[in-house]
Amino acid sequence: METKMNISDLVWDEKIYPREKTNEKTIDAYREALDAGAQFPPIEVQRVRNYPEREGEIFIILDGVHRYDAYRRRKVEEVEVKDWRPEAIDYKENQIMLLLEAAERNRNHGDRLTENDKKGVARSIAEGDPKRTFTEKQIADKLGVIQETVSNWISDIRARQRAGRNAKIIYLSRLGWSQEEIAELMGKDRSIISRIVQNTKFGEMHSFLEQGKDMAWIADHYHIGIPLTWALCLEGKTDQERFEGLGWGLRTWDQWSFNTCDERFGEDWPGRIPAQLVGHTLFYFTEKGSLVFDPMAGGGVVPDTCLLFERKCRAFDMSPPEHRPEIQKHYWNIDRLEWPGIKKADLILFDPPYFTKKEREYEQKSHDQEISISSFNRETYLDFLSQFFSLARKNSKPTARLAVLNADWRDFQSTPALKEDPSNSITICDYLALMSKAGWNITHRIECPMSTERFSGNIVSKMQEARILGTVGRTLLIGKK
């Protein structure tokens, strides 16, 4: 349907524009034609919703960008437009289709697409469509080339995507996922999963190390990610040798102090804990092949570390990162606490939010219908812990250990130590009491202090003047059934 629209209501979206840039000569020619009284065909637009950083529905230009620029520079306020589809469509779900439609129109008229333009479109679609929703033939038909040409243009991208997919499958398999589970998650036939697990080899990896190649180079060469690269390079090593190879240093006493997180493992995530700490927990309280359960996995430090030490792992989170398939979605509903349907674990590594400490950060990761436990009041938070510890005991092996990492939470930030109200606090003593009440026998209390470097000299000075006593303590409690 053709109609008139205010030109300021149109949006030129470079992500669905099939050329590298606009042609200034064409725009100038169109301006001169307009001055001479020329009439141009309507600009083709599409109404979309869920457009990035825009509320409501907007109209994006599907065809006619050069005309649009000519109108704007001539200060034309209203222009003729034509809808591609009368109904609004979801931008995020249809971005690739919109790019293809724009490319098809621009190869037939106006400044026709060059071979480089078409190649750029094909590669952009391949990068943004790893699941191959659009086939190479569909892309070729829209671009007006043969399928073999598109295949050649994107062969390296498809090879990298296959390697990335295979890496995810190997990763999941090494964490103890069954081939049936992997097949269901990846949307592939079980026979394909089996073939990938059995036949994917990384035989030259140690040769690359001997040549002086670093882990980042090897990971990029195989398209497999740093954690899996390290796991493969450490294969066959003892746990002690793994600590040495990772450069961590093995602590012998019950104080594990790590000033920083190892950036190689896990994502940047609220409340992220050091992989070194997880590695020590695995070393002392599990054996090779043990099943570890991480109920609040966040950015995946625990599964990454389990991979390094050849432990199996099942990880869950209310808002798992999209590119971490090993972290499954699970919401711990305080009104009806349910345990995920998995095998009983040898170790439950529980690192919940430290009461309200990271409330804002966790809320940003959650969804409207899912409330982070960091926003609970004191009574509800303690009730959640009580229920969780009981469920953990019920859903773990007879010889299982429960590792709980947390810290004292006191209302100290603006309160002198002498005036702190204990009714506003949750301390390690509360965790101890709740674990014991649920039937866990405490076997170890390991101090894992946080770095004091997070406090600037100015903050420390003000705290001292106000007699505020901060906390950098953090404790790992180990319980046995």
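Rule-based calculations on the coordinates, nothing more; no lab input. This structure is a prediction, so every number in the text was calculated from the model and none was measured. Glycine also receives a Cβ, built like all others from the backbone with ideal geometry; neighbour counts cover every protein chain displayed.
Mind listing the Cα extents of region 107-237 along all three principal axes, in Å, largest one first?
So the three principal-axis extents are 63, 38, 19 Å.
Can you return the lysines within cross-link range of K419? Criterion is Cα-Cα under 27 Å, with same-chain partners fewer than 8 residues away left out.
By straight Cα distance, K419 reaches K357, K358, K462.
Please give the charge dipole size of the chain, origin at the Cα centre, charges +1 on K and R Cβ atoms and -1 on D and E Cβ atoms. Round to the nearest 20 debye.
For this selection, approximately 1340 debye.
I want to make sure I understand the PRE zone here: with the label point 7 angstrom from the Cα of D254 toward its beta carbon, which residues in region 392-408 have backbone N atoms less than 20 Å away?
Inside the label zone: 400-408.
Return the unpartnered cysteines for the chain, using a Cβ-Cβ cut-off of under 4.7 Å.
That list is C233, C261, C429, C448.
On each of the three principal axes of the Cα atoms of region 2-113, give max minus min coordinate, whole Å, ordered largest first.
41, 28, 23
Mind ranking 463-469, 287-293, 197-203, 157-163 by how tightly packed they are, going by the mean number of other C-beta atoms within 10 angstrom, highest first?
In decreasing order of mean packing, 463-469, 287-293, 197-203, 157-163 become 287-293, 157-163, 463-469, 197-203.
Show me 420-427, 473-480 ranked by packing, highest mean number of other Cβ atoms within 10 Å first.
Most protected by this proxy first, the peptides run 473-480, 420-427.
Long-range amide H contacts for E78: which residues qualify at under 5 Å (H placed 1.01 Å from N, peptide plane, sequence gap of 5 or more or a different chain)?
Hits under the 5 Å cutoff: I7.
Taking only the Cα atoms of region 234-480, how large is their convex hull per residue, in Å³?
Given the Cα convex hull of region 234-480, per-residue volume reads 137 Å³.
Identify all lysines with a Cα-Cα distance to K344 below 24 Å; exclude those on the same chain that are fewer than 8 residues away in sequence.
K168, K288, K312, K329, K394, K397, K437, K480, K481
Can you give the FRET efficiency to the nearest 0.05 for T238 and E57, using r as the Cβ-Cβ distance and R₀ = 60 Å?
0.50
Could the peptides 20-26, 439-445, 397-403 be put in order, highest first, of the mean number of other beta-carbon atoms found within 10 Å of their residues?
397-403, 439-445, 20-26
Name the long-range amide H neighbours of F316: under 5 Å, sequence gap of 5 or more, or other chain; modelled H, no Pro or chain starts.
D294, M296, A297, Q328
So what is the relative contact order for region 234-480, in percent, with contacts set as C-alpha pairs under 8 Å and at least six apart?
That works out to 18 percent.
Could you give me the ³J(HN,Hα) list for region 159-169, computed from phi with Karplus coefficients 6.51, -1.76, 1.60 and θ = phi - 60°, whole Hz, x at Gly and Pro?
The phi angles translate into 5, 5, 5, 4, 5, x, 5, 4, 4, 4, 5 Hz.
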